[in-house]
1. Sequence gap at least 6, Cα distance under 8 Å: using those rules, report the relative contact order of the chain to the nearest whole percent.
2. For a label point 7 angstrom out from the Cα of GLU37 toward its Cβ, which stretches of segment 368-387 have the backbone nitrogen within less than 20 Å?
3. With each pseudo-label sitting 7 Å past Cα toward Cβ, what's the THR105-GLU251 distance in nm, one decimal?
4. Of all accessible surface on the chain at a 1.4 Å probe, what whole percent is carbon and sulfur?
5. So which lysines pass the test for LYS89, namely a Cα distance under 22 Å, with those fewer than 8 places away in the same chain ruled out?
6. Could you work out the relative contact order of segment 212-367? I mean the mean sequence separation of Cα pairs under 8 Å and 6+ apart, divided by the number of residues, in percent.
7. For segment 18-86, which trypsin sites (Lys or Arg not before Pro) are in a loop by DSSP, counting at most 15 other Cβ atoms within 10 Å?
8. Taking the dipole about the Cα centre of segment 1-118, with the C-beta of Lys and Arg at +1 and of Asp and Glu at -1, give me whichever of LEU9, GLY92, ALA61 is farthest to the positive side.
Amino acid sequence: MSDIRNIELAEAGKARIEWAARDMPVLERIRERFEAEKPLEGVRIGACMHVTTETANLMRALVASGAKVTLCASNPLSTQDDTAAALVKYYGVDVYAITGEDTETYMKHIDAVVGTDPQIVMDDGADLDTALHTRFTDKLAGVIGGTEETTTGVVRLQAMEADGSLGYPVFNINDANTKHFFDNHYGTGQSTLDGIVRATNRLLCGRTIVISGYGHCGSGLALRAKGMGMKVIVCEVDPLAALEAYMEGYEVLPAAEAAKQADVWVTVTGNCKVVDAPAFENMKDGAILCNSGHFDSEINLVWLEENAVSKVELKPLVDEYTLADGRKIVVLAQGRLVNLACAEGHPASVMDMSFANQALAAEYLYKHADELENKVYDVPSAIDDGVARVKLETLGVTIDELTEEQIAYMNSWNF
């Protein structure tokens, strides 16, 4: 069973999935090994992730492992309908995802995945995990464990662990070095600007961008925006992150002050109401707002809806709000992930490493489930380092190795 827009889109989706696969050599090696060894034979995997060509290649690897895979969307606007169709028709994955699905359908699709009694849960934002821990607690005993892709989901799962509610072990994929140093930093920077440009066709150079959040995502976005000729202002609540941004040459301001200069504003924090009334009240006429954090809570759209005298859809996923004083504020992608709703998400090359971690963590989880407690675990360093080494190999890059003398020196104090 599946619920997708149109199975006739499958041929186009297959071509796009294969195109992405060309830039995912690490995952390809894993898929080839999984095909030969079948390490997850018969295991039911339920995944709630962005239904993109890159995710499709992770699903292919899991199917090759012998797993029975069911996938739903982790965001109503990020699904590529042709990719969903191809997964169903050509790759043996049950998919519940339709671009633009309403909240009721989104929740029904999550419920459909829960209904398969997954033994391993793969999540991106912890919506599937939350459903299991709130509405389907009778299913928890059958779950071996899970993996979580993004910061927002990790925070939710860590909160579950802290109050003793977490029902199974989960691997924190987001904080694997081969994930956040590359996917978050390089992927978010490029794909966010890609989404902004596709949605607006505005020239970026010479304009001021305000970035809320200077973590791995925000710093990568700032670097790319600076490279495009933009003036960068950073808003932060973490003094160390703010200091780092300042030392990199960016202006650091409170949101209400930054609003006076913002031509483009991007939130990448994972929090709620990051752009709120004080910022809206000072915002320049014509400012463009968007979000690259996981949920649509970062921009207070309720405030805009209540205080705007009109709202006009200029083009799909580009909404213009007019305030009582005549100022106009443009919101992209309904405040959802602009890089996935208005573009195609992160490039395949960085997702290659993120999804390699997902596949290998699922294998590790299945083999070592009896040894794990109901906690949020880091990805084992052997997996993380191994992914980096294979990525270097596929890029044709060689590195030095420590000599026995150097190893002894680094492990001794008596020299």
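The values are calculated or read from the model by the stated rules, or taken from the named source; none is laboratory data. These numbers were taken from a predicted model, which means no experiment stands behind them. Glycine gets a Cβ as well: all are built from the backbone with ideal geometry, and neighbour counts include every protein chain shown. Note: accessible area is taken over every heavy atom of the protein model, side chains too, but ligands, DNA and RNA are not part of it. Shrake-Rupley method; radii C 1.70, N 1.55, O 1.52, S 1.80 Å.
1. Worked out over the chain, it gives 16 percent.
2. What the label zone holds, given the 20 Å backbone N cut-off, is 368-372, 379-387.
3. 4.3
4. 51
5. Within the straight-line cut-off, LYS89 pairs with LYS14, LYS38, LYS68, LYS108.
6. It comes to 16 percent, rounded to a whole number.
7. For trypsin sites (Lys or Arg not before Pro) across segment 18-86 that sit outside H, G, I, E and B with at most 15 neighbouring Cβ atoms in 10 Å, the list reads ARG22.
8. It is ALA61.
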